[in-house]
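The values are calculated or read from the model by the stated rules, or taken from the named source; none is laboratory data. A quick note: this is a predicted structure, and the numbers were derived from the prediction, not measured. We place every Cβ from the backbone using ideal geometry, glycine too, and count neighbours over all the protein chains shown. Just so you know, the surface numbers come from the protein's heavy atoms only, side chains and all, with ligands and any DNA or RNA stripped out. Shrake-Rupley method; radii C 1.70, N 1.55, O 1.52, S 1.80 Å.
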Amino acid sequence: MGIKENLLLLNNELPKRVSLVAVSKTKPLKDLLEAYGAGHRIFGENKVQEMVSKFEALPKDIQWHMIGHVQTNKVKYMAPFVNTIHAVDSYKLLKEIQKQALKNKRIIKCLIQVQISQEETKFGLPKDELNLLLKNASYLPNVKIIGLMGMASFTLDKDKIRNEFKELSSLFNNHNGLEILSMGMSGDYLIAIEEGSNMIRLGSKIFGERIY
Ligand SMILES: *Cc1c(COP(=O)(O)O)cnc(C)c1O
């Protein structure tokens, strides 16, 4: 099935409260243009350089979401246009986003990535550091923390995935003023939505398997 058909099916199936980030990493421009042609405007990338070159080549009403781990020295390249940065997990990174957002006279929306999986490969802030980071972020005028993001363990154990999403969902519900709960990928988005996600990040479900 094609990209257009996949998006159509998803848009029919997803509850209205859930926004869809089309994760286009590694995919060629023509695939993004096909999604764009179907009316899609929110794209997610996990490498700054790749996002910058796609931004330059594509229509300017696309909202670009950085979903990958970001190195501090790369923030400046995306600061002029990035819509939302999903994987913020340190004050050091937030301070750099503040600096570059100010330079560009922008307010950049960010999500704090919280560690919900026990896997060591997953980035994210330990749960017990969330309050302090949110407090510190509140003093940065050009950074707006709009919510939380998390990735469940890479496992077939659905109960484990559900429990990790539940944990993030309850953290989200216990903090006033957060609007976005970004959780759910192609393999686990249905569970994520059941557990309260209102932003899912789907790559292979839309564009097909990635070939690296
Ligand atoms: C690649 C990626 C996705 C999408 O993965 P799929 O399994 O292809 O849907 C979602 N979130 C993050 C952070 C990613 O890196």
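Scanning the stretch 57-68 for residues that are touching an Asp or Glu at 6+ places or on another chain (Cβ under 8 Å) and not aromatic (Phe, Trp, Tyr) turns up His65, Met66, Ile67, Gly68. Consider the stretch 198-211 and keep the residues that are over 20 Å from Gly147 (Cα atoms), within 11 Å of the ligand (Cβ to nearest atom) and of a type outside the set (S, T, N, Q). The one that is modelled with the lowest pLDDT is Arg210. When the criteria are applied in full, Lys95 meets the requirement of being more than 17 Å from Val23 (Cα to Cα) and over 15 Å from the mean Cα position of the chain (by Cα). Against the conditions (1) closer than 29 Å to Ile211 by Cβ; (2) touching a residue at least 12 places away in the same chain (Cβ under 8 Å), Ile108 satisfies every one except (1). Condition check: farther than 30 Å from Leu33 by Cα, among the aliphatic types (A, V, I, L, M) and away from the ligand (no atom under 16 Å from the Cβ). Does Leu168 satisfy that? No: the conditions fail for Leu168. For the stretch 135-165, the set of residues classified as within 16 Å of the ligand (Cβ to nearest atom), open to solvent by less than 70 Å² (accessible area, probe 1.4 Å) and over 14 Å from the mean Cα position of the chain (by Cα) consists of Ser153, Thr155, Ile161, Glu164, Phe165, listed by residue number.
Would you point out the residue of the stretch 64-81, among those that are closer than 21 Å to Gly184 by Cβ and open to solvent by less than 70 Å² (accessible area, probe 1.4 Å), that is farthest from the ligand (Cβ to nearest atom)? Among residues in the stretch 64-81 that are closer than 21 Å to Gly184 by Cβ and open to solvent by less than 70 Å² (accessible area, probe 1.4 Å), the one farthest from the ligand (Cβ to nearest atom) is Trp64.
With respect to the conditions (1) free of Cβ contacts under 8 Å to residues at least 40 places away in the same chain; (2) within 16 Å of the ligand (Cβ to nearest atom); (3) open to solvent by less than 30 Å² (accessible area, probe 1.4 Å), Leu58 falls short on a single one, namely (2).
Going through Lys122, Lys109 one at a time, which residue ends up being modelled with pLDDT under 95, within 19 Å of His65 (Cβ to Cβ) and open to solvent by 10 Å² or more (accessible area, probe 1.4 Å)? Residue meeting the stated conditions: Lys122. Among the residues making up the stretch 19-49, a single one is within 12 Å of the ligand (Cβ to nearest atom), over 20 Å from Lys4 (Cβ atoms) and either touching a residue at least 24 places away in the same chain (Cβ under 8 Å) or surrounded by fewer than 20 Cβ atoms within 10 Å (Cβ to Cβ) (or both): Lys47. Within the bounds of the stretch 187-197, is there any residue that is out of contact with any helix residue (DSSP H, G or I) (no Cβ under 7 Å at 6 or more places or on another chain), on the phi > 0 side of the Ramachandran plot, open to solvent by less than 50 Å² (accessible area, probe 1.4 Å) and within 16 Å of the ligand (Cβ to nearest atom)? No, the stretch 187-197 contains no residue that is out of contact with any helix residue (DSSP H, G or I) (no Cβ under 7 Å at 6 or more places or on another chain), on the phi > 0 side of the Ramachandran plot, open to solvent by less than 50 Å² (accessible area, probe 1.4 Å) and within 16 Å of the ligand (Cβ to nearest atom). Go through the stretch 1-10 and give me each residue that's open to solvent by 50 Å² or more (accessible area, probe 1.4 Å) and at pLDDT 95 or above. Passing the criteria: Lys4, Glu5, Leu8, Leu9. Put simply, of Ile116, Ile180 the only residue that is under 19 Å from Pro15 (Cβ atoms) and within 16 Å of the ligand (Cβ to nearest atom) is Ile180.
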